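First the structure, which I've put down as structure tokens, then a few questions once you've had a look.
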């Protein structure tokens, strides 16, 4: 552990380095961010495969693209920032056109979390008070990162003292070419999802669970990410690329495959498993060169992809979606693993 820097009010921000002899991961207390992942290619060459910044000050800037952040209290979008719970309507400040994104303008990514070392990793804790960004209930959230061999595991848990809604995820951007090696359009991906949640012009789900078959969103067999990204498809045009929630096959609550991404050139492979019902596949459509990452590289469109394991967007307004409600006396749990390997 080291102190990486301080926030504007002088709060120290610890950063932790996890090493296994195969993979090196850095995580920090500000926003419980995943700062970097160094993984080998088929020739043993190490590279940063998660986008990030060289110094804390870049993470403190507003706005920022959530590189590696834990987002909450509600990751992804809530239509109009409104939902009704127990007969009462709550308003979250909108920060994405007419909608609330990633918990509002000051979500969990904007706080220094408490941290403690645990076997094989570190656990971060954040207490969100009742009324924080308009959400009901005092919520205590825990995010634990552990590294074993070539697998990074993220365990999430949370409790509340009032009925509330919750959607926690990690917003890491990956590039298996290396974080300074151009776009991710050459990578080959497979998604274990037969269905997705179509969106409207504001990227809010329509409520439908639509089959991926016959669309550019069909990754049931490995496909090059960039092969169909510019297809004449209404959903793709609305999102400006891929920015969709996929319904992960299998039983929610069980750890099961969600996605596999391979770099055909260098052999790096990322396998994602999760207990969550969905995964948001996003191709960095809004990266516009505003942000300069490690190695002095400007992060532009499609330079990273996200696989945000999650509940579905706007679930508080969709009673037919898996519920995101959390009640007192209950504990929310979820697990996601990222395994970094190589194919010969």
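The values are calculated or read from the model by the stated rules, or taken from the named source; none is laboratory data. Note that the structure is a prediction, hence the values are computed from the model and not measured. All Cβ positions, even for glycine, are placed from backbone atoms using ideal geometry, and neighbour counts span all protein chains on display.
Suppose we filter 79, 69, 50 for residues that are surrounded by fewer than 22 Cβ atoms within 10 Å (Cβ to Cβ), under 20 Å from the mean Cα position of the chain (by Cα) and either within 25 Å of residue 153 (Cα to Cα) or at pLDDT 95 or above (or both); which single one remains?
79
Take the stretch 12-52 and flag every residue that is in contact with a helix residue (DSSP H, G or I) (Cβ under 8 Å, 6 or more places away or on another chain) and closer than 18 Å to residue 150 by Cβ.
Once the filter is applied, which keeps residues that are in contact with a helix residue (DSSP H, G or I) (Cβ under 8 Å, 6 or more places away or on another chain) and closer than 18 Å to residue 150 by Cβ, the stretch 12-52 yields 36, 48.
Tell me whether the stretch 154-162 contains one or more residues that are surrounded by fewer than 17 Cβ atoms within 10 Å (Cβ to Cβ) and in contact (Cβ under 8 Å) with a residue 60 or more places away in the chain.
yes
If you don't mind, another one. Hey, among the residues in the stretch 1-30 that are within 23 Å of residue 340 (Cβ to Cβ) and out of contact with any strand residue (DSSP E or B) (no Cβ under 6 Å at 6 or more places or on another chain), which one's surrounded by the fewest Cβ atoms within 10 Å (Cβ to Cβ)?
Ranking the candidates gives 21 first.
Out of the strands (runs of 3 or more DSSP E) lying entirely within the stretch 56-138, which hold 1 or more residues that are in contact (Cβ under 8 Å) with a residue 40 or more places away in the chain, within 28 Å of residue 3 (Cβ to Cβ) and in contact with a helix residue (DSSP H, G or I) (Cβ under 8 Å, 6 or more places away or on another chain)?
Once the strands (runs of 3 or more DSSP E) in the stretch 56-138 are filtered for at least 1 residues that are in contact (Cβ under 8 Å) with a residue 40 or more places away in the chain, within 28 Å of residue 3 (Cβ to Cβ) and in contact with a helix residue (DSSP H, G or I) (Cβ under 8 Å, 6 or more places away or on another chain), what remains is 121-128.
Conditions (1) under 20 Å from the mean Cα position of the chain (by Cα); (2) over 28 Å from residue 300 (Cα atoms), marked per residue:
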position	(1), (2)
209	no, yes
219	yes, no
233	no, no
239	yes, no
242	yes, no
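May I ask you to verify whether residue 333 is surrounded by fewer than 21 Cβ atoms within 10 Å (Cβ to Cβ), touching a strand residue (DSSP E or B) at 6+ places or on another chain (Cβ under 7 Å) and under 30 Å from residue 162 (Cβ atoms)?
yes
Next question. Only one residue in 103, 97, 149, 131 is closer than 30 Å to residue 260 by Cβ and surrounded by fewer than 16 Cβ atoms within 10 Å (Cβ to Cβ), so which one is that?
149
A follow-up question, please. Can you tell me which of (1) over 27 Å from residue 177 (Cα atoms); (2) at pLDDT below 95 is the one residue 61 doesn't meet?
Here residue 61 clears every test but (1).
Among 271, 254, which is the only one that is out of contact with any helix residue (DSSP H, G or I) (no Cβ under 6 Å at 6 or more places or on another chain) and without any contact (Cβ under 8 Å) to a residue 24 or more places away in the chain?
Criteria check complete, one pass: 254.
Taking into account only those residues within the stretch 32-47 that are in contact (Cβ under 8 Å) with a residue 60 or more places away in the chain and touching a strand residue (DSSP E or B) at 6+ places or on another chain (Cβ under 6 Å), which is nearest to residue 123 (Cα to Cα)?
Ranking the candidates gives 32 first.
On the basis of being touching a helix residue (DSSP H, G or I) at 6+ places or on another chain (Cβ under 6 Å) and at pLDDT 95 or above, does residue 185 make the cut?
yes
Would you check if residue 211 is at pLDDT 95 or above and touching a helix residue (DSSP H, G or I) at 6+ places or on another chain (Cβ under 9 Å)?
Answer is no for this residue.
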